[in-house]
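Asks: Input: one structure, supplied below.
Just so it is clear, none of the values below were taken in a lab; they were calculated from the coordinates. Just so it is clear, the model here is predicted, and its values are computed rather than measured. We place every Cβ from the backbone using ideal geometry, glycine too, and count neighbours over all the protein chains shown.
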Amino acid sequence: MGRLSREARPYLGRLAVAVALGTVAGVLTTVPPWAFGQIISRVLEAKHPDLGVLYRMLGLIALPLIAAQAATYAQTYATAWCGQHFIAMLRLQLVDRILRLPLPIFDRWRPGDLISRFNSDLQIVSDAVTTSLPQLVVSIVTFVSSFAVMLRLDWLLTVVLVLVAPVISFAVSRFSRLITRSTTTTQMRIAEVIAALSEVLQGQRIVKAFGRESYEVRRFRERTDEYVTASLKMTQFVQTQPMVVGSIMILAVTVVVWLSAREVLVGRLNVGEVFNYYLLLVNLVNPLNRVAAFVGDLNRAIVAIGRIYEIVDLPTEEAELPRPVSAPAIAGRITFDNVRFSYAEGESPALDGVSVDIAPGEIVALVGPSGAGKTTFINLVPRFYQPQSGQIAIDGRPLDAYPLADIRAAIAIVPQDPQLFRRSILENIRYGRLEADEREVIAAAREANADEFISELPEGYETEVGERGVRLSGGQRQRIAIARAILRDPRILILDEATSALDTHSEALIESALDRLLPGRTTLIVAHRLSTIRRADRILYFAHGRIAESGSHEELIARGGAYAALYEAQFAAHRA
């Protein structure tokens, strides 16, 4: 709660005004019961009714209620304003933290778990802050002010209500614990539902290809049933709490009615005062029932905000390293010195004592069987992961001595599966350098052999590519990714099997684009196709997390080792 109050500090002024308005609204609700009592005592039961009193009391019934409604409206809006801005701040904190998570930590989270924080958890917090909290303030003030007036009217009747307070407090406390536990379980279950849905949507083509629609529906139904069970259990606790509190209050009210009749009979109260007391009792009971429900909502919100802070409190990439200092412009020399890396503790190393020095502007191809360490090698260069031992340096300076932004500003990556966003082609290319103008974007597209197909589209560069670029072919997506890299103008270029899944025509266009992109840049190419490999100045053959062979294509062929065997196998397959 201390953290919440600190982060809510910018809104404390408005919240104070909202609380004051809620207090005014709550106090004003005690005026109409008194006015009704006066009408009964001084008009309906009086021997000489005073119509002036009637009109004045009618005014004291209508005007305070209208004023209370206006104060409640203003209070609700002020609280909602604070709540929505606070939720927006939390939402931004979540996005910022997720985007800055180290990849080893990010990889441990399912997308559905993260999305559930945005959807269900933030919605629970939003509902509590914008709806339950303002009503809770009015209900508490109404309860307290009504109780004070009732105590002044007849302390004996009010003592009966005081006696049930510990019982109500125990019930609320007990149900609050149950609601907290069930809310945690429910939020975990909805996260699993969202994760299952996200997984199915991303793998829809595989689901269809293997005819697993019914199987996935059955799995999704199981997750949904678990969520429904947990949600109903939570609803049961949330709804039972006000029912139990209300039942206790009904018993207390029954005793109060009996005692009030006795007070009239012995002459300590008149009918008008009893009527006033009854109306105040309604003012007391209704808010008490609502307070129990609002407390349940706030308990759920506390659980939800705890789950949000669980993500917000995760470390960032920058926090893992000492504070670096800026360095001169990066030339592109990459040095691995006895680097060892495993993705998880206890696993066999993905890289095991790798040492290599790559000169600025050198084109290096990384080849070898699947799982040999090629992708791990290129993932360590932009510092996506940190090696457990050894050192990686750029231009002779340890990688962790550079600001992270400086390293990644000098690098461009063209992956095997181009990651395009659901935006226009122009925006996807400009992602390489956000300050680039349209002329520079078009020039980069021409260099990547992409301008021709883009110009033929009805909307040209404003064409939206769809989710992950689904509206474009594989070759078109890859050329846009290359245009993005050209626009970035990096000192270090990483190509992760950029032509492995393309047809011959697309491959030829991309090879032509690469001929313009590669010169003068330090380039790491993970590739299997001979046309790409033979472009390299040097080839590193990986096996079992080590560099087994290193040299030019001709040198490795002459050596007759593992690379020569791979080349012969591919060449024989090509001839066949």
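Asks: Which length gain, in nm to one decimal place, applies between Lys233 and Thr463 when the Cα-Cα distance is subtracted from 0.36 nm times their residue separation?
Replies: 78.0 nm
Asks: For Gly353, what residues show an amide H to amide H distance below 5 Å, using hydrogens built from the backbone and excluding near sequence neighbours?
Replies: Residues meeting the criterion, in which the H sits 1.01 Å from N, are Val339, Arg340, Phe341.
Asks: List the longest stretch of the chain that has no exposed loop site; here a site is one of the GluC sites (Glu not before Pro) assigned by DSSP to anything other than H, G, I, E or B, with at most 11 other Cβ within 10 Å.
Replies: Longest site-free region, per DSSP loop and neighbour criteria: 1-344.
Asks: A follow-up question, please. Calculate how steeply helix 562-575 sits against the longest principal axis of the alpha-carbon atoms of the chain, using the helix alpha-carbon long axis, and give the answer as 0 to 90 degrees to the nearest 10.
Replies: That works out to roughly 90 degrees.
Asks: Can I ask one more? May I ask you to sort Ser389, Ser139, Ser145 by Cβ crowding, counting other Cβ atoms within 10 Å and putting the fewest first?
Replies: Ser389, Ser145, Ser139
Asks: Sequence-distant or interchain residues sharing an amide H contact under 5 Å with Asp395, placed H: which?
Replies: Gly332, Arg333, Ile334, Thr335
Asks: Another question, then. What are the ³J(HN,Hα) values, in whole Hz, obtained from phi via the Karplus relation 6.51 cos²θ - 1.76 cosθ + 1.60 with θ = phi - 60°, for each residue of the stretch 122-138 in sequence order, with x given for Gly and Pro?
Replies: Computed from phi, the couplings for the stretch 122-138 are 5, 5, 4, 5, 4, 4, 5, 6, 8, 10, 5, 4, x, 5, 4, 4, 4 Hz.
Asks: Taking loop as defined by DSSP and a crowding limit of 15 other beta carbons within 10 Å, which chymotrypsin sites (Phe, Trp or Tyr not before Pro) in the stretch 410-464 fit?
Replies: Answer by residue number: Phe421.
Asks: Oh, and also: Return Arg488, Arg42, Arg479 ranked ascending by Cβ neighbour count within 10 Å, so the fewest neighbours appear first.
Replies: Arg42, Arg488, Arg479
Asks: Turning to a different aspect of this structure: So who's got an amide H within less than 5 Å of the one on Ala543, skipping anything under 5 residues away but keeping other chains? H placed 1.01 Å off N, in plane.
Replies: Distant-sequence amide H within range of Ala543: Ala548.
Asks: Just to confirm the number: angle between the C-alpha axis of helix 12-28 and the first principal axis of the chain, 0 to 90 degrees, nearest 10?
Replies: Taking the Cα atoms of the chain, the angle to 12-28 is about 30 degrees.
Asks: In what order do Tyr77, Tyr563 fall by count of nearby beta-carbon atoms within 10 Å, going from fewest to most?
Replies: Tyr77, Tyr563
Asks: Turning to a different aspect of this structure: Take the alpha carbon atoms of the stretch 334-575, find their radius of gyration, then divide it by 2.2 N^0.38 Å using N residues; give the quotient.
Replies: 1.04
Asks: Taking the Cβ of Leu556 as the center, what net charge do the other residues with Cβ under 10 Å away carry, scoring Lys and Arg +1 and Asp and Glu -1?
Replies: Residues close to Leu556 contribute a combined charge of -1.
Asks: Which whole number in µm²/s is D for the stretch 331-460 by Stokes-Einstein, with the Kirkwood Rh taken over Cα pairs at 37 °C and 0.692 mPa s?
Replies: Diffusion coefficient, whole number: 190 µm²/s.
Asks: Once phi is turned into ³J(HN,Hα) by the Karplus curve 6.51 cos²θ - 1.76 cosθ + 1.60 with θ = phi - 60°, what whole-Hz value does each residue of the stretch 271-282 show in order, with x for glycine and proline?
Replies: 4, x, 5, 5, 4, 4, 5, 5, 5, 5, 5, 4
Asks: Further, regarding this structure: So what are the ³J(HN,Hα) numbers for the stretch 243-250, from phi and the Karplus equation (6.51, -1.76, 1.60; θ = phi - 60°), rounded to whole Hz, Gly and Pro as x?
Replies: Coupling constants for the stretch 243-250: 5, 5, 4, x, 5, 4, 5, 4 Hz.
Asks: Continuing with the same structure: Quick one: of the DSSP bridges fully inside the chain, what percent are antiparallel, nearest 5?
Replies: Of all bridge pairs located within the chain, approximately 55 percent are antiparallel.
Asks: Also, quick follow-up: Could you state the principal axis extents of the C-alpha atoms in the chain, from the largest down, to the nearest angstrom?
Replies: Computed over the Cα atoms, the extents are 123, 53, 51 Å.
Asks: Okay, next question. Determine, at each q value in 0.13, 0.14 (inverse angstroms), the log₁₀ of I(q)/I(0) that the Debye formula gives when each Cα of the stretch 2-315 is one equal point scatterer.
Replies: -1.01, -1.11
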